[in-house]
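Just below is one structure, and these are the notes that go with it.
No value in this document is a laboratory result; all are computed from the given coordinates. Since we're looking at a predicted model, the values are computed, not measured. Positions of Cβ are backbone-derived with ideal geometry, glycine not excepted, and every protein chain shown enters the neighbour counts.
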Amino acid sequence: MSRIHVIHENDAWVVPLRAAFEGLGAPHEELFLDTGILDLTQPPPEGVFYNRMSASSHTRGHTFAPEYAGAVIEWLERHGRTVVNGRRALQLELSKVAQYQALAAHGIPTPETIAVVGTQHIPDAAAKLGFPVILKHNRAGKGLGVRLVNSEAGLTQALEAMAHDADPHAQPRDGIWLVQRYVAAPEPFITRAEFVGGRFLYAVRVDTSEGFELCPADACQVGEGEFCPAVAPGEKFRIVESFSHPLIPRMEAFLTANGIGVGAIEFITDRDGRTFAYDVNTNTNYNADAERKAGREGARTGMGAIAAHLHRLLDSRLAKAA
Ligand SMILES: Nc1ncnc2c1ncn2[C@@H]1O[C@H](COP(=O)(O)OP(=O)(O)OP(=O)(O)O)[C@@H](O)[C@H]1O
Ligand SMILES: [Mg+2]
């Protein structure tokens, strides 16, 4: 039977999507990828595949899950399965360098960035850009390693602390550090624009006054076995009604050109009104509390829109096969 298959490595993030599928009566299954077997002598099951692999999977002990997902996607695409967020989306999920080059190709400004392999080169890169700078991991997620450094002395301290950091995730998984110009916003917030089926769904304003770890699902820090990953207390996430921005059409074009059926783009607007996009999430989570407060239900919520989009793709695949 033809179904929707969700490729992922984090159960908690799929809970609201399961509920949305149930609501629509959409046949669905999951491909939880951590370790396992991929038999290339067999064809994949029929249906539509939605890849939700995350760049931060190694922080949950699923060290090679993205590489595994990459192999599975090769197999699916070779057999002509419908894949939402396929090989190119995965490539972008795993590299901010790749994101920035692809955004620039679509006329979307990104903060000046220097990629560094070998932490001994970070001071040179920072001196080139001038302080303040942001340090971050190329393969990131959850704000891993994101740090604001205001001065040369501050950088020396940060590098010293990093060198003695016992946390295995303190270093970027792929060894690439990014040194980036700090975009100072007049008010402490960033905007995250959500897209489903390649079309703009809504924008959420995220309060950054408490720091850089801004994943909507991680914000509430649910413990083991607890239910909802995407409800945050307070007003950290707020959906902006009737949001418009001149870059939205370019963002849609960027997503379509890169095979990102579901994704989010984060950006900051500085004091001079210049907007810079600095993060593309192909494994996007939604804040259920913010959606409720905005009166969003069904296909107007993130997961509802994804479920409806995948259900439509499944129907059109079935119609073609008939
Ligand atoms: N160049 C910058 N200027 C100012 N603030 C920045 C810059 N880059 C990152 N930040 C801040 O740090 C946060 C995390 O950065 P970023 O989104 O690049 O990391 P990430 O690991 O991909 O995070 P996530 O997966 O949670 O979205 C941003 O939302 C923003 O608040
Ligand atoms: Mg981000």
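So the values come out like this:
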| quantity | calculated |
| --- | --- |
| Least to most buried among 155, 103 (fewest other Cβ within 10 Å first) | 155, 103 |
| Ranked 136, 142, 293, criterion: other C-beta atoms within 10 Å, fewest first | 293, 142, 136 |
| Cross-link partners of residue 96 among aspartates and glutamates (Cα-Cα below 14 Å; sequence separation of 8 or more within a chain) | 112, 174, 266, 279 |
| Exposure proxy order (Cβ contacts within 10 Å, fewest to most) of 90, 148 | 148, 90 |
| Cα principal axis extents for the chain, largest first, Å | 66, 46, 41 |
| In nm, spacing of pseudo-spin labels at residue 101 and residue 270 (7 Å Cα→C-beta vector) | 2.4 |
| Theoretical ellipticity at 222 nm over the chain - DSSP helices of four or more residues, -39500 (n - 2.57) apiece, nearest 500 | -9500 deg cm²/dmol |
| Integer Hz, Karplus 6.51/-1.76/1.60 couplings in order for the stretch 183-189, x for Gly and Pro | 8, 7, 8, x, 10, x, 8 |
| 0 to 90° range, to nearest 10: angle between helix 11-24 axis and the chain longest Cα axis | 40 |
